[in-house]
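Worksheet for the structure shown next.
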Amino acid sequence: MRQLDDSQIEAFDTEYVDDARWRTVKACIDRDFPDGAFTFLDVGGGIGVFADRTLAAYPKSSGTVVENSAILLSRNQPNTRKTVLLESIENIEHVEKKYDIICLHWLLHHVVSDTYAHTRRNQLWSLRAVSALLTERGRISIFENAYDGILIDNLPGRIIYRVTSSQAASGIVRRLGANTAGVGVCFLSKKQWLLTIHDARLGVLDYAEPDIGSWSLSMLRRICLHVRRRFVGHFWLCTTPASRRSGG
């Protein structure tokens, strides 16, 4: 998988789970883990703000932040109930524990490779790999950006991948505001996210769009990228009975 350089990584020294998004995932946790006692794994957890918020809200919980950037991982606040691990999703099998909740928050669109087809396989593989780390009562929390096309459902994501992954156009694309220029990013439509989840043999227990409305986009970019709607979706997943029987 392709990796961002240090200057690109610096842009992700932030937390995207705001109060509205936190309420969405917290409602799922409160329902499925009413005693507040659970373990969690935050893959691509960055500077650990989401993990810290979870630990503060649930004193009986404990968690692990996995992050492949030493820069971001070093900015985690210490906590006796938090473990940090410098590792990539590619090597997630090195995590030897099982967890009640696994978080993939804005991670799947970053598992890019040199072709679109390979990138899509990375997304599916990543879901299957983390599901193998779930306990019997395990849940997966996913926040992702969704781009629904005007006429062709998943065309915006394909266009964005082609543009952002191009080395030749990286200078221009970065000046236009794409921090992932030269590396690539792979967003999907809501329908394609759901199909990928299904192909990973996972079930959707809850789906929500916590933001009010969709993100604004200039008419020119909307037309060029074939975008009908752009928004954030939260998927709360479980392993299906079939996947439990087959070991995830």
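Counting only residues that are in a helix (DSSP H, G or I) and either modelled with pLDDT under 95 or surrounded by fewer than 16 Cβ atoms within 10 Å (Cβ to Cβ) (or both), region 191-248 holds 16 of them. So is GLU96 modelled with pLDDT under 95 and touching a helix residue (DSSP H, G or I) at 6+ places or on another chain (Cβ under 9 Å) or not? For GLU96, the condition - modelled with pLDDT under 95 and touching a helix residue (DSSP H, G or I) at 6+ places or on another chain (Cβ under 9 Å) - is not met.
Residue-level analysis places LEU41 among those that are of a type outside the set (S, T, N, Q), at pLDDT 95 or above and touching a Leu at 6+ places or on another chain (Cβ under 9 Å).
Here is a yes/no grid of residues against (1) free of Cβ contacts under 8 Å to residues at least 60 places away in the same chain; (2) over 14 Å from the mean Cα position of the chain (by Cα); (3) under 20 Å from ARG201 (Cβ atoms); (4) buried (at least 17 other Cβ atoms within 10 Å of the Cβ):
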| position | (1), (2), (3), (4) |
| --- | --- |
| PRO78 | yes, yes, no, no |
| ILE89 | no, no, yes, yes |
| GLU93 | yes, yes, yes, no |
| TYR99 | no, yes, yes, yes |
| CYS103 | no, no, yes, yes |
| VAL111 | no, no, yes, yes |
| TYR116 | no, yes, no, no |
| VAL130 | no, no, yes, yes |
| ARG137 | no, yes, yes, no |
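Answer yes if at least one residue in region 156-166 is surrounded by fewer than 23 Cβ atoms within 10 Å (Cβ to Cβ) and out of contact with any helix residue (DSSP H, G or I) (no Cβ under 8 Å at 6 or more places or on another chain), and no otherwise. Taking every residue of region 156-166 in turn, none turns out to be surrounded by fewer than 23 Cβ atoms within 10 Å (Cβ to Cβ) and out of contact with any helix residue (DSSP H, G or I) (no Cβ under 8 Å at 6 or more places or on another chain).
A search for C-beta distances below 7 Å between a residue of region 174-199 that is under 15 Å from ILE160 (Cβ atoms) and of a type in the set (Ser, Thr, Tyr) and any residue that is in a loop (DSSP other than H, G, I, E, B) and at pLDDT 95 or above, counting only pairs 6+ apart in sequence or on different chains, returns SER189/ASP153; SER189/ASN154. Condition test on SER141, is it modelled with pLDDT of 95 or more, in a helix (DSSP H, G or I) and buried (at least 19 other Cβ atoms within 10 Å of the Cβ)? Spelling it out, it is not the case that SER141 is modelled with pLDDT of 95 or more, in a helix (DSSP H, G or I) and buried (at least 19 other Cβ atoms within 10 Å of the Cβ). Of the strands (runs of 3 or more DSSP E) lying entirely inside region 60-134, those carrying at least 2 residues that are under 23 Å from THR24 (Cβ atoms) are 62-67, 99-105.
The values are calculated or read from the model by the stated rules, or taken from the named source; none is laboratory data. All of these numbers come straight from a predicted model, not from anything done at the bench. No Cβ is skipped: glycine too gets one built from the backbone with ideal geometry, and neighbour counts run over all protein chains shown.
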